[in-house]
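Student: This structure is in structure tokens; I'll ask about it shortly.
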Ligand code: FAD
């Protein structure tokens, strides 16, 4: 028989249970990616294109192909099923409202849909809190359960992928390059190897050092699935780091249980947000007059990436200081981040806004103290805010009357 493997954000051949199972059981496999205008990748189009080209190369190395089609995902999948006589579709189960509505629609078609794990380390519905409820609302108990949860075996990449003959591969469009990372499984695996050799041991000590950039920068690869989160957790067996992978799983299991997370307050606390288009614009452009905030916002625009500590500081500044709705900030991050991710972005924004899972929703943030602690030499600010490049620390964090740099909002 023939099985379609419908790729989405699992763009790899290593540890891909849906692909491995198809290659094991089916005579012919049709690896498919649909460029669906309803999920346009925006600035991430070039990164996505690199991922697809790389996946195509890996499949061709194994005698296979990546078939690329444009259009509505379910319609294109069913069209290819008719063309190839496929009776089954394999997908990696995903958590967002959009992904799940697509899986539901596929399940309603005249084809067998089989869902496989692979998007998170631990499947989002595996762990049930002992006190009741369908998901964990607080991180620490989740972390405890997650650390002890059974893990499936890491799947080997298929040795051979037998695809139907005479089927047009389809084009992968070019796009404007964007951001500081290049897409694809090979780039991802190279980065992971380097990280394990050179970065991981220093992670606990260095992860909050803004100027040092001593974090893995694996997030876009984990988002697009160029890396398996399970394989990453197994290979990076170090507590401070796996704890962050657990945060990723945590927000995914919340999204699975509460798919409105990108739009609705998870724990409504009666916030009233201010409408202030001018302040919002200044925040987006990195012109608030608070150097540590502006540095973070400009890193985002320059690199398509922002250090986690800077994401926390800039997000807190928007919601706690400017009192602007977290959804405005989340939308801007989503537009510009290479690792933009429905679960992680919304979950973290709600955490900062105090409408999410933080057990201390009224936590206060002192921007100057954060700046002095995590950018003690001022190197992060000087790198991204050239107007302040001539100032030493600590003055760089509290500039007064610097020509061309705004007063604090
Ligand atoms: P590392 O520190 O090396 O961590 C390793 C991996 O763990 C990351 O690649 C990521 O997959 C995961 N991780 C780390 N921190 C978190 C976290 N707080 N929540 C969930 N997963 C985490 N991450 C995204 O992947 N996409 C987003 O859209 C996103 N939006 C965010 C918005 C805000 C307001 C905040 C505060 C954080 C957001 N994060 C998001 C989480 C985090 O900032 C990034 O995952 C991290 O900075 C990526 O860099 P890294 O790969 O070097 O991380």
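Student: Name the single residue, out of those in region 170-214 being out of contact with any strand residue (DSSP E or B) (no Cβ under 8 Å at 6 or more places or on another chain) and on the phi > 0 side of the Ramachandran plot, that is surrounded by the most Cβ atoms within 10 Å (Cβ to Cβ).
Tutor: Per the criteria, the residue is 184.
Student: Any residue in region 292-310 that is on the phi > 0 side of the Ramachandran plot sitting within a Cβ distance under 9 Å of a residue that is modelled with pLDDT of 95 or more and in a helix (DSSP H, G or I)? List the pairs, counting only those 6 or more apart or interchain.
Tutor: Partner pairs satisfying both residue conditions: 304/43; 304/44; 304/47; 304/220; 304/336.
Student: Count, please, the residues in region 229-241 that happen to be part of a helix (DSSP H, G or I) and within 12 Å of the ligand (Cβ to nearest atom).
Tutor: Result for region 229-241: 5.
Student: Has region 260-280 got any residue that is within 11 Å of the ligand (Cβ to nearest atom) and more than 13 Å from the chain's Cα centre (by Cα)?
Tutor: Yes, that holds for at least one residue.
Student: Please state which one of 248, 281, 263 is modelled with pLDDT of 95 or more and within 22 Å of residue 367 (Cα to Cα).
Tutor: 281
Student: Looking for whichever is outside the structural domain of residue 81 (by TED's automatic domain parsing), surrounded by 16 or more Cβ atoms within 10 Å (Cβ to Cβ), over 19 Å from residue 299 (Cβ atoms) and modelled with pLDDT of 95 or more here; the options are 222, 167. Which one fits?
Tutor: After applying the criteria, what remains is 222.
Student: Another question about this same structure. Hey, residue 63 hits all of (1) modelled with pLDDT of 95 or more; (2) exposed (fewer than 14 other Cβ atoms within 10 Å of the Cβ); (3) part of a helix (DSSP H, G or I) but one; which does it fall short on?
Tutor: Here residue 63 clears every test but (3).
Student: Looking at this structure, is residue 250 near the ligand (Cβ under 10 Å from one of its atoms), in the same structural domain as residue 136 (by TED's automatic domain parsing), buried (at least 24 other Cβ atoms within 10 Å of the Cβ) and within 19 Å of the chain's Cα centre (by Cα)?
Tutor: It is true that residue 250 is near the ligand (Cβ under 10 Å from one of its atoms), in the same structural domain as residue 136 (by TED's automatic domain parsing), buried (at least 24 other Cβ atoms within 10 Å of the Cβ) and within 19 Å of the chain's Cα centre (by Cα).
Student: Right, another one. For region 296-309, give me each residue that is within 14 Å of residue 381 (Cα to Cα), within 15 Å of the ligand (Cβ to nearest atom) and either in a loop (DSSP other than H, G, I, E, B) or over 17 Å from the mean Cα position of the chain (by Cα) (or both).
Tutor: Hits for region 296-309 are 296, 297, 299, 306, 307.
For (1) modelled with pLDDT of 95 or more; (2) within 13 Å of the ligand (Cβ to nearest atom); (3) assigned to a helix (DSSP H, G or I), each residue gets a yes or a no:
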| residue | (1), (2), (3) |
| --- | --- |
| 192 | yes, yes, yes |
| 197 | yes, no, yes |
| 205 | yes, yes, yes |
| 227 | yes, yes, no |
| 254 | yes, yes, yes |
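Student: Another question, then. Tell me, which residue of region 28-60 that is over 29 Å from residue 332 (Cβ atoms) and touching a strand residue (DSSP E or B) at 6+ places or on another chain (Cβ under 7 Å) is surrounded by the fewest Cβ atoms within 10 Å (Cβ to Cβ)?
Tutor: Per the stated criteria, the residue is 28.
Student: Might you let me know whether region 208-218 holds any residue that is part of a helix (DSSP H, G or I) and either touching a residue at least 60 places away in the same chain (Cβ under 8 Å) or within 13 Å of the ligand (Cβ to nearest atom) (or both)?
Tutor: No, there is no match, as no residue in region 208-218 is part of a helix (DSSP H, G or I) and either touching a residue at least 60 places away in the same chain (Cβ under 8 Å) or within 13 Å of the ligand (Cβ to nearest atom) (or both).
Student: So, residue 285, is that one under 26 Å from the mean Cα position of the chain (by Cα), within 18 Å of residue 407 (Cα to Cα), surrounded by fewer than 18 Cβ atoms within 10 Å (Cβ to Cβ) and away from the ligand (no atom under 11 Å from the Cβ) or not?
Tutor: So residue 285 passes the test.
Student: Restricting the search to region 333-366, which residues are part of a loop (DSSP other than H, G, I, E, B), surrounded by fewer than 22 Cβ atoms within 10 Å (Cβ to Cβ) and near the ligand (Cβ under 6 Å from one of its atoms)?
Tutor: Of everything in region 333-366, just one residue is part of a loop (DSSP other than H, G, I, E, B), surrounded by fewer than 22 Cβ atoms within 10 Å (Cβ to Cβ) and near the ligand (Cβ under 6 Å from one of its atoms), namely 340.
Student: Okay, next question. Confirm whether residue 174 is farther than 30 Å from residue 1 by Cα, away from the ligand (no atom under 15 Å from the Cβ), out of contact with any helix residue (DSSP H, G or I) (no Cβ under 6 Å at 6 or more places or on another chain) and not assigned by TED's automatic domain parsing to the domain that holds residue 333.
Tutor: yes
Student: Please go through region 93-139 and give me each residue that is closer than 27 Å to residue 356 by Cα, in contact (Cβ under 8 Å) with a residue 40 or more places away in the chain and in contact with a strand residue (DSSP E or B) (Cβ under 6 Å, 6 or more places away or on another chain), ordered by number.
Tutor: If the condition is that a residue be closer than 27 Å to residue 356 by Cα, in contact (Cβ under 8 Å) with a residue 40 or more places away in the chain and in contact with a strand residue (DSSP E or B) (Cβ under 6 Å, 6 or more places away or on another chain), then 118, 119 are the ones that fit.
Student: Over 20 Å from the mean Cα position of the chain (by Cα) and farther than 17 Å from residue 342 by Cα - does that describe any residue in region 220-234?
Tutor: no
The values are calculated or read from the model by the stated rules, or taken from the named source; none is laboratory data. All values derive from a computational prediction rather than experimental measurement. Every residue, glycine as well, gets a Cβ built from its backbone with ideal geometry; the counts of neighbours run over all protein chains shown.
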